[in-house]
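Taken together, the values in this text are just the output of simple stated rules run on the coordinates, not laboratory data. All values reported here derive from a predicted model rather than from experimental measurement. Cβ placement follows ideal geometry from the backbone for every residue including glycine, while neighbour counts extend to all protein chains displayed.
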Amino acid sequence: METLGIDLGTRSYSIYVGQGLLQTLSSYLASRDTWVLITDDIVDRLYGERLIGEWKDSTMYRIVLPAGEDTKTLTRVEETIESMLNLGVTRSSGIIALGGGVVGDVAGFCASIYMRGIAYAQVPTTLLAQVDSSVGGKTAVNMPQGKNAVGSFYQPEVVVIDTTTLRTLPHRQLISGLAEVMKYGVIADYEFLTYLQEHLGAILALEDQVLERIVTRCCGIKAEIVAADEREAGLRRVLNYGHTVAHALEAVTKYGTYTHGEAVLIGMYLEAEMARKLGLLGHDDCSEILDLIQRLGSEVELEFKLEHSLLSNMVFMMGKDKKNRDGKIAFVLPIGAGQTREVLLTNKEAQSLLECL
Ligand code: NAD
Ligand code: GLY
C-alpha cells in the first residue's frame, strides 16, 4: 500500500492506495457513531451491500442513487439531504462516498452543505475517480446551462483507494479513466506518458502492480498541484487541459452521448491540434500525444472529427464557461515536455481555429 499526503494546512489529509483496502475500510476512517454510505445502484450491488453487511464498527446508513451522470442534479442533492435529515444524521456523522466521480461529486456537495458542512471520505471505485475526482475537494452538480455549474471546494478527510475494484469496471469506463491518467503525463510528466505508452497492454489487462503504480503517480501529481493552488487561482488550471472542449461537448450532447473521459479524450485531441496550429506545440510532441489518444479512442471506437454544427454549439457553450476571463474562452494547451500554456480566445477565434483542424 502507498500513502500520500495532501498538504493543505488544517485541511490536510491522506490518500491511501492499495489492493483490498475496502475490506478494512474502517481502519482508514476517523471514529464516528454514524456513517452514511452514499453510493449508486451498480456499485451498491458490487461493493456496498457487502460493506454494509460486514460493517461492525458503528451505525451505517445507506443512500443509493441511480448510476450515471443524470444523478448530478440539484434535485438529487435535495432528495439526498432530505433522506439524511430523516435518518437523523448529525453534524458529528460522516459520509462515505463509494463510487465513481458522480457519487463523489454529489456526496461531496451534500457533505459541504449539510448542517453547514460535515466530514466525508472519498472511496472511489472507477479509475477516473481514483486518479482525479476523489482528490482535491471539487464537488458539483450540472445545470442545463453548464457542466459542474453549481458546487463547492470542500476537501474530504481521507481518500481510500482500493485498486482491485477496477477489476469489475466496464472496459468503456476504464478507457474513460485512462483519458485523465494520460492528461497528467501531458501536463506534468512526459516520462509518465512514455510509461503509459509502453505499458498500455498491461494496463488494459488490469495488472495489479501497474494499476497501483499509475493511480499512485496520478494522485501524487494532483496532490502537489492542489496543495499549491487549492481554489484554482493559477496552477490548478493546468488540470483543465482538454476540458474546455470536453465540458462544452458534454453539455451540448446533454450529458448522454459521451462519458466524461471520452469527452476529455476528444477535448485533448482537439486542444493538442489547436496548440500545434497556433505554433505552440511541435509536430513530434503533437504526434506523440495524438497517438496515445487515438490508441485509447480506438478501444471504444471514438470519433474525433466533429460536425461543424456541433462545433458551433460547443463554442457558444464555451463562451459561458466558468473558467473564462476578460470575456474570452480559456484553453489550457500543451506546449510539450510536460508543460502547458493558457490561451484566451474570442468565440470567433476559437470557432475558426476548431473548424480548420
Ligand atoms: P460515474 O461515476 O458515472 O461511473 C461510471 C459508471 O461506472 C457508473 O455506471 C458506475 O455505476 C460504474 N461503476 C463505478 N465503479 C464501478 C466498479 N468498480 N465496477 C463496475 N462499475 C462501476 O463516472 P466517472 O467516470 O467515475 O466520473 C465522472 C464524473 O466525475 C463526471 O461527472 C465528472 O464531471 C466528474 N469529475 C469530477 C472531478 C472533480 O475534481 N470533482 C474531476 C473529474 C471528473
Ligand atoms: N479535475 C480538475 C480539478 O480537480 O481541478
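In segment 112-233, Rg over Rh equals 0.99, where Rg is the alpha-carbon radius of gyration and Rh the Kirkwood radius from pairwise Cα distances.
Normalised radius of gyration (Cα atoms, divided by 2.2 N^0.38 Å) for segment 255-312: 1.16. Close amide H pairs (under 5 Å, H built 1.01 Å from N) link GLY99 with VAL123, THR125, residues at least 5 positions away or on another chain. The calculated pair-distance distribution of segment 203-357 uses every alpha carbon pair, bins of 5 angstrom beginning at 0, and gives 2, 9, 16, 21, 22, 17, 9, 4, 1, 0 percent. Given the options GLY146, GLY94, GLY201, which has the most mean-square fluctuation in a GNM of the chain, springs set between C-alpha atoms less than 10 angstrom apart? Result: GLY201 has the largest fluctuation of those listed. By the equivalent-ellipsoid construction on the alpha carbon gyration tensor, segment 4-91 comes out with semi-axes of 23, 18, 16 Å, ordered largest to smallest.
Converting phi to 3J(HN,Hα) with the Karplus coefficients 6.51, -1.76 and 1.60 and the offset θ = phi - 60°, segment 125-131 yields 10, 9, 4, 4, 5, 5, 9 Hz in sequence order, with x at every glycine or proline. Working from Cα pairs under 8 Å separated by at least six residues, relative contact order for segment 5-61 is 33 percent.
Evaluate the relative contact order of the chain (contact order divided by residue number), counting alpha-carbon pairs under 8 angstrom at least 6 apart; express in whole percent.
Values: 656 pairs, mean separation 55.3, N = 357.
Over the chain, the number comes to 15 percent.
Here's how it looks for ARG341: its modeled amide H is under 5 Å from those of LEU333, ILE335, which are all 5 or more places away or on a different chain. Counting only Cα atoms, the size of segment 296-357 along its three principal axes is 39, 34, 22 Å, in decreasing order. Put the Cα centre of segment 254-272 next to the Cα centre of segment 301-343 and the gap is 11 Å.
Amide H contacts of TYR13 (H built 1.01 Å from N, in plane; Pro and chain starts excluded): ILE6, LEU8 sit under 5 Å, all sequence-distant by 5 or more or on other chains. Across segment 299-312, rounded Karplus estimates of 3J(HN,Hα) from the backbone phi angles (6.51 cos²θ - 1.76 cosθ + 1.60, θ = phi - 60°) give 5, 10, 6, 7, 9, 8, 7, 9, 5, 4, 5, 5, 4, 4 Hz, Gly and Pro being marked x.
Where does segment 110-151 land on Rg/Rh, using Cα atoms and the Kirkwood Rh? Don't skip to the end; give the middle numbers.
Details: Rg = 11.8 Å, Rh = 11.6 Å.
Rg/Rh for segment 110-151 comes to 1.01.
Could you tell me the relative contact order of segment 75-140? Use alpha-carbon pairs under 8 Å, at least six residues apart, and round to a whole percent. Please list the in-between numbers first.
Values: 88 pairs, mean separation 23.6, N = 66.
Rounded, it is 36 percent for segment 75-140.
Taking all Cα-Cα distances within the chain, those exceeding 38 Å account for 13%.
Counting other Cβ atoms within 10 Å of each Cβ, which trypsin sites (Lys or Arg not before Pro) in segment 236-321 have at most 15 and sit in a DSSP loop?
Working: sites: ARG236, ARG237, LYS254, ARG276, LYS277, ARG295, LYS305, LYS320; in loops: LYS254, LYS305, LYS320.
Passing sites in segment 236-321 are LYS254, LYS305, LYS320.
Take the chain, connect every pair of alpha-carbon atoms lying under 10 Å apart with a spring to form a Gaussian network, then pick out the residue of VAL17, VAL123, VAL64 with the largest mean-square fluctuation. For the chain, modelled as a Gaussian network with Cα springs under 10 Å, the answer is VAL64. Every helix of 4 or more DSSP H residues in the chain counts as -39500 (n - 2.57), and over all residues that averages to -13500 deg cm²/dmol at 222 nm. Given a 10 angstrom Cα cut-off, can you work out which residue in GLU250, GLU207, GLU307 is the most mobile in a GNM of the chain? With Cα springs under 10 Å in the chain, the top fluctuation among GLU250, GLU207, GLU307 is at GLU307.
With only the Cα atoms considered, segment 153-195 has a convex hull volume of 130 Å³ per residue. Computed over the alpha-carbon atoms, segment 43-156 gives an Rg to Rh ratio of 0.94, Rh here being the Kirkwood radius from the mean inverse distance. In terms of other Cβ atoms within 10 Å, THR163, THR90 run from fewest to most in the order THR90, THR163. Take the alpha carbon atoms of segment 70-91, find their center, do the same for segment 139-172, and report the distance between the two centers in whole angstrom. That distance is 17 Å.
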